[in-house]
1. Any idea how far apart LEU34 and LYS10 come out in nm if each label point goes 7 Å out from Cα toward Cβ?
2. When the chain is treated as a GNM, springs tying every alpha-carbon pair under 10 Å, which of GLY33, GLY16, GLY47 comes out with the largest mean-square fluctuation?
3. Working out 0.36 nm times the residue gap between HIS57 and VAL17, then minus their Cα-Cα distance, what length gain in nm do you get to one decimal?
4. Please compute the volume of the convex hull spanned by the alpha-carbon atoms of the chain and report it per residue in Å³.
5. Tell me the per residue accessible area of the chain using a 1.4 Å probe; a whole number in Å² is fine.
6. From the phi angles alone, apply the Karplus equation (6.51, -1.76, 1.60; θ = phi - 60°) to the stretch 36-42 and give each ³J(HN,Hα) in whole Hz, x where the residue is Gly or Pro.
7. How large is the helix-only mean residue ellipticity at 222 nm for the chain, computed as the sum of -39500 (n - 2.57) over DSSP H runs with n ≥ 4, divided by its residue count, in deg cm²/dmol to the nearest 500?
8. Along Cα→Cβ, 7 Å out, is where each label goes; now give me the distance between the ones at LEU42 and GLN64 in nm to one decimal.
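The values are calculated or read from the model by the stated rules, or taken from the named source; none is laboratory data. What you see is a predicted model, and the numbers here were worked out from it, not measured in a lab. Cβ atoms come from the backbone with ideal geometry, glycine included; neighbour counts cover every protein chain shown. Each accessible area value is taken on the protein alone, full model and side chains, heavy atoms only, with ligands, DNA and RNA left out. Shrake-Rupley method; radii C 1.70, N 1.55, O 1.52, S 1.80 Å.
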Amino acid sequence: MFHWIGHIIKTVIITGVIGSVALFSSLLDAMIGLVGRCSDRLDAKLGKLAQASNERHRREGRRQVDPITLD
């Protein structure tokens, strides 16, 4: 009887540990995916800003930056 109860407790503990590791792995995977999507969006926005800057530079030429106001 005690052997049977010990086996059930051992099985529950092992299942709990495996479930916890699987949950942690899934959460980590989701966070990596979220960071990847945010990075892709940031890259796209920075690409658009660089393209707009290059187009403005072609149209207007180099602009002098005022060292006091940085305008």
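1. 3.9
2. GLY16
3. Numbers: separation 40, 0.36 × 40 = 14.40 nm, distance 5.90 nm.
Stretched fully, the HIS57-VAL17 segment lengthens by 8.5 nm.
4. On the way: hull volume 6.9 nm³, N = 71.
For the chain, the hull spanned by Cα atoms encloses 98 Å³ per residue.
5. On the way: 6840 Å² over 71 residues.
Per-residue accessible area for the chain comes out at 96 Å².
6. Result, ordered by residue: x, 5, 5, 5, 5, 5, 5 Hz.
7. Details: 1 runs with 59 residues, N = 71.
Taken over the chain, the calculation gives -31500 deg cm²/dmol.
8. Simple spin-label model gives 3.6 nm for this pair.
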